[in-house]
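All of the numbers you see were taken from the coordinates with simple rules; none came from a lab. Not measured: the values here are computed from a predicted model. As a convention, Cβ positions derive from the backbone with ideal geometry for all residues, glycine included, and neighbour counts pool all protein chains shown.
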Amino acid sequence: MKFRNASQLLKGEQSQILDIDYSHPSARRIIEVGFTPGEEIIVVGKSAFNDPIAYSVRGTVIAIRKSEASCIQVR
């Protein structure tokens with residue numbers, strides 16, 4: 001099975017969070033807003049140059065920067 005990070009998902013794609021790179025400077029904030037292992041996420045929108053990216057997680061749409069999304073490992 002190939003693993004990717006959340007910044008590589010395409011608009012409309014759904015995936016499950018496997019892990020968070022806790023060494024990333026934004027890891028704590030990412031977890032606090034609901035991006036936790038086991039949660040399903042859906043890419044609902046991308047802006048110009050794919051930054052930021054909007055995800056649906058836990059019934060809420062949250063936009064995060066591409067660099068922040070790169071610390072979220074998905075299946």
_Sequence gap at least 6, Cα distance under 8 Å: using those rules, report the relative contact order of the chain to the nearest whole percent._
44 percent
*Can you put LYS11, LYS66 in order of Cβ neighbours within 10 angstrom, beginning with the fewest?*
LYS11, LYS66
*What is the Cα coordinate range of segment 4-74 on the first, second and third principal axes, sorted by size from largest, in whole angstrom?*
27, 22, 21
*asked:* If each DSSP helix of 4+ residues adds -39,500 (n - 2.57) and the sum is divided by the residues in the chain, what number results at 222 nm, nearest 500 deg cm²/dmol?
replied: -2500 deg cm²/dmol
*Low-density loop cleavage sites - chymotrypsin sites (Phe, Trp or Tyr not before Pro) in the chain, where at most 11 other Cβ are within 10 Å (DSSP)*: PHE3, TYR22
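If Lys and Arg each add +1 and Asp and Glu each add -1, what is the summed charge of the other residues whose beta carbon sits under 15 Å from the beta carbon of PHE3?
Details: positive: LYS2, ARG4, ARG75; negative: GLU13, ASP19, ASP21.
For residues surrounding PHE3, the net value is 0.
What are the GluC sites (Glu not before Pro) within segment 37-75 that DSSP puts in a loop, where the Cβ has at most 15 other Cβ atoms within 10 Å?
Values: sites: GLU39, GLU40, GLU68; in loops: GLU39.
Hits after loop and neighbour filter: GLU39.
Which net charge results when you count Lys and Arg as +1 and Asp and Glu as -1 among the other residues whose beta-carbon is under 12 Å from that of PHE49? Display every interim value, and only then the final one.
Values: positive: LYS46, ARG65, LYS66; negative: ASP51.
Summing Lys/Arg as +1 and Asp/Glu as -1 gives +2.
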